[in-house]
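J.: Got a structure for you, questions after.
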Amino acid sequence: MLDNLGSNLKDALRKLAGKTVIDRAAVEELVKDLQRALLQADVNVKQVMQLSQTIKKRALDEQPPKGVTAREHVLRIVYEELVALVGQKVEVTLGKQIILMAGLQGSGKTTTTAKLARFFKRKGMRVAVICADTFRPGAYTQIKTLCDKVHVPCYGDPSEHDARKIVREGLAQLKEEVIIVDTQGRHALEDDLITEIIDLNEITKATHRWLVLDAALGQQAREQARRFHEAVSIDGVIITKMDGTAKGGGAMSAVAETGSGIVFIGQGETIEDLEWFDPNSYISRLLGMGDLKALAERVQESIDEQDIDVNAMLSGKFTLRDMYRQLEAVNKMGPLKQVLSMLPLGGMDLPTEALDVTASKMGKYRVIMDSMTATELDDPTVLNGSRIQRIAQGAGAQLEEVRELIKYYKMMKRTFKGLKGGEKGMQRLMKKFGK
Ligand code: GDP
């Protein structure tokens, strides 16, 4: 996630929320704050100027629809314009398809190929990968290892230098529904690299040509997107390493400007860290409006066997037992921080302690909770000094650790309670937005 951009945008909106009247001065101040935030994220000056002109004009000229306050109206305009800035949603179909992966070396192409294989597999498709990267030594082993992890067959021949031949043979052998072809990259765009990708596009008759770009390129993503687009008409861009740079906003808006939509974003090194990109959801989250749809999907995926009642959690009925199940599920859902970013926090910042619980600490907490009785898990208010001592002894833990766990539990309970109000308000607002 674009942490900096997100918190700057949220600050700007919070300032707006604190105003008694939304007049020209308030709109101008908001626009200035937005400009600063976007420029810091490396969004191109021209795009920032255009966006701020539009927001200002719309905010001052358009009348809020009935039942919508001036403040909500401005928030809606900001939301819509930011969605437009990052481009159109690219549909991903679950039919038979061949996907050709393009991109320079180091962009994250190989990792992303494996992430995509996992994505389609989890959607119930039969998937295979062809390694046509004959340039980089070790490319085949790298992709093969990753494919093995997700039980996806990988076709390749490390001793063959002709990528075209590998692809022809691979396609003749593989019968899977989704075939992802990982092509070679270079450090720079060279003519023979472009020729090869054009050839592979013809040989594979690819359904999709997806370009992998490193978010750290910022605005420079525009040039790469343009060159590859000219060669093979890119129909989806995957921006990787969104987790590691403040320049992601620049890369996203630059790509959108070339007319190629963003199809996925990568936000971590592990194979799960891939997100199907939806401009509406993404901007909602960036502005702290939450993304209940994505959260519901994520939760559904990992919770089926865990039996967690999210609604009960949000209604403040949160016991230690819930927390135990939550800790178990969190591993599957991904980092807590990412999961919580999908909740509609309405610009509220979560205490950092809530997010900084490491995996090893979670493990320890689970051991401690294993030493608790059913009564204690269901009603943590019974926990007194002697019970804490017994639990610590049983778990082989320090008294301090048990107290820390209880403190953590109380904080989580408060946080979830706090979310409830935010959620209602935001859901109402999203309804007005017609989402
Ligand atoms: P390729 O040369 O384009 O095939 O690039 P690789 O797939 O080998 O990736 C290059 C480096 O970027 C590796 O260290 C990956 O682990 C890392 N990487 C790829 N995608 C992401 C991402 O979304 N986030 C982070 N933090 N690292 C990534």
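Bear in mind that the values in this text are calculations on the coordinates, not laboratory data. The shown structure was predicted, so the numbers you read here are calculated from the model rather than taken from an experiment. All Cβ positions, even for glycine, are placed from backbone atoms using ideal geometry, and neighbour counts span all protein chains on display.
J.: Which of the listed residues, VAL86, GLN47, THR141, is farthest toward the dipole's positive end in segment 34-148, when Lys, Arg count +1 and Asp, Glu count -1 at the beta-carbon?
T.: So the residue we want is THR141.
J.: Oh, and also: Kirkwood hydrodynamic radius of segment 164-258 from all distinct Cα pairs, in Å?
T.: With all distinct Cα pairs of segment 164-258 included, I get 14.4 Å.
J.: Considering only C-alpha atoms, what is the centroid distance from segment 67-88 to segment 142-212, in Å?
T.: Computed from Cα coordinates, the inter-centre distance equals 41 Å.
J.: From the backbone phi of segment 234-241, what are the Karplus-calculated ³J(HN,Hα) couplings (6.51 cos²θ - 1.76 cosθ + 1.60, θ = phi - 60°) in whole Hz, Gly and Pro given as x?
T.: Using θ = phi - 60°, the values come out as 4, 10, x, 10, 10, 9, 9, 6 Hz.
J.: May I ask you to order 204-217, 394-407 by the average number of other C-beta atoms within 10 Å around their residues, highest value first?
T.: Taking the mean over residues of other Cβ atoms within 10 Å, the ranking is 204-217, 394-407.
J.: Counting alpha carbon pairs within less than 8 Å and at least 6 residues apart, what relative contact order, in whole percent, applies to segment 97-286?
T.: This gives 25 percent for segment 97-286.
J.: Something else: Which entries in LYS175/LYS205; LYS15/LYS57; LYS123/LYS205; LYS10/LYS89; LYS247/LYS407; LYS149/LYS410 show an alpha-carbon gap greater than 26 Å?
T.: Check vs 26 Å cut-off fails for LYS247/LYS407; LYS149/LYS410.
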